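The values are calculated or read from the model by the stated rules, or taken from the named source; none is laboratory data. Since the structure is predicted, the reported quantities are computational estimates derived from the model, not experimental observations. With ideal geometry, Cβ positions are generated from the backbone for all residues, glycine too; neighbour counts draw on all protein chains shown. SASA here: full protein model, heavy atoms, side chains in, ligands and nucleic acids out. Shrake-Rupley method; radii C 1.70, N 1.55, O 1.52, S 1.80 Å.
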Amino acid sequence: METKETVQVNNESVFNVSDLSVSYGDFVAIKNVNMDITKNKITAFIGPSGCGKSTLIRTFNRMNDLILGAKVNGTITYQGVDLYDKMVDPVQVRRRIGMVFQKPNPFPKTLYENISYGPEIHGMAQSKDELDQIVEDSLKKAALWNEVKDRLNEPGTGLSGGQQQRLCIARAISVKPEVILMDEPCSALDPIATAQIEELIDELKKEHTIVIVTHSMSQAARVSQQTGFFHLGKLIEVGSTDKIFKNPDQKQTQDYITGRFG
């Protein structure tokens, strides 16, 4: 397992996590996590349910601020800035670090309004034409435009599950985030929709840094370049995906990968 001393901070790091612990009341969800997240790569977190994976990614865009009793100790720097500094605006953090959740959660609005909402409240469009272009570009990047371009005034909730998740990804990228966090984005989807989302994730890494929590080790192996293995709130090991799956340093990692526990 990497320690604070062995984690290398470099110019390609988007996040540097140092001695990070998160608790909910008396329950400690993650303990003393140290790692870097690399720019324009896909980092996957794997491990048994309830081991702290989702808690960790929620610290990256300060979603834990919204949970009563949550307490964050340690440091997370984002491009050199302490995310939890009192001068940092959480709203701006969440614009630059978007999130896609486990279950598709379109707004109860039209397809167009689902995408235009964020750019409008952030003042990113000066005219209706500019807003139209953002909506179109976002849907194209989410590989959804050709399926919905004639249905933009219909409710987002009328789409299939896979389409709804791509709509949520389009909504996330509409405000041009630098990072996209994904919390088990395929767990509610069928294999065909899952394959579409995985293909999309691979495409998105050209412009975004992706951090994904997944219960599927095969998915982590397919889509990511870096993988971290969590168990009981601790980051047991993190490294290149190839190394974690083929030649991990820790016996716990090997046992989990090979199905001896989990």
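With respect to the chain, whose longest principal axis is taken over its alpha-carbon atoms, helix 161-173 is tilted by about 90°.
Surface composition of the chain: carbon and sulfur atoms hold 49% of the protein heavy-atom accessible area at a 1.4 Å probe. Shape analysis of region 1-111 yields a ratio of the Cα radius of gyration to the Kirkwood radius, Rg/Rh, of 0.97.
Helix 191-204 and the longest principal axis of the C-alpha atoms of the chain enclose an angle of approximately 90°.
Helix 111-121 and the longest principal axis of the Cα set of the chain meet at an angle near 70°. Would you mind checking K205/K246; K39/K176; K103/K149; K39/K86 for any pair whose Cα atoms are more than 20 angstrom apart? Check vs 20 Å cut-off fails for K205/K246; K103/K149; K39/K86.
Spin-label model, Y117/A188: points 7 Å from Cα along the beta carbon direction are separated by 1.4 nm. log10 I(q)/I(0), Debye, Cα-only region 126-262, no solvent, q = 0.15, 0.16, 0.17 Å⁻¹? These q points yield log10 I(q)/I(0) values of -0.79, -0.86, -0.94.
Hey, in the GNM for the chain with a 10 angstrom Cα cutoff, which one of S160, S127, S138 fluctuates hardest? Checking each option, the largest mean-square fluctuation is seen for S127. For H122, neighbours were defined as the other residues whose beta-carbon sits under 11 Å from its Cβ, and their charges (Lys and Arg +1, Asp and Glu -1) total +3. Calculated [222 nm] ellipticity per residue, helices only, for the chain: -10000 deg cm²/dmol; basis is -39500 (n - 2.57) per DSSP H run with n ≥ 4, divided by all residues, nearest 500.
In this structure region 171-262 gives 44 Å² per residue of accessible area when probed at 1.4 Å with all protein chains present. On the beta carbon distance between D19 and E203, with R0 = 35 Å, the FRET formula returns roughly 0.50. Length gained on full extension, V81 to K140: 18.1 nm, using 0.36 nm per residue less the C-alpha separation.
Exposure here means at most 10 other Cβ atoms within 10 Å; with trypsin sites (Lys or Arg not before Pro) in a DSSP loop as sites, the longest stretch of the chain lacking them is 87-205. Each residue of region 42-53 was assigned a 3J(HN,Hα) from its phi angle through the Karplus expression (A = 6.51, B = -1.76, C = 1.60, θ = phi - 60°), giving 9, 9, 10, 10, 10, x, x, 4, x, 9, x, 4 Hz with x at Gly and Pro.
Summing charges over neighbours of G52, with a neighbour being any other residue whose Cβ is under 9 Å away from its Cβ, gives +3 when K and R count +1 and D and E count -1.
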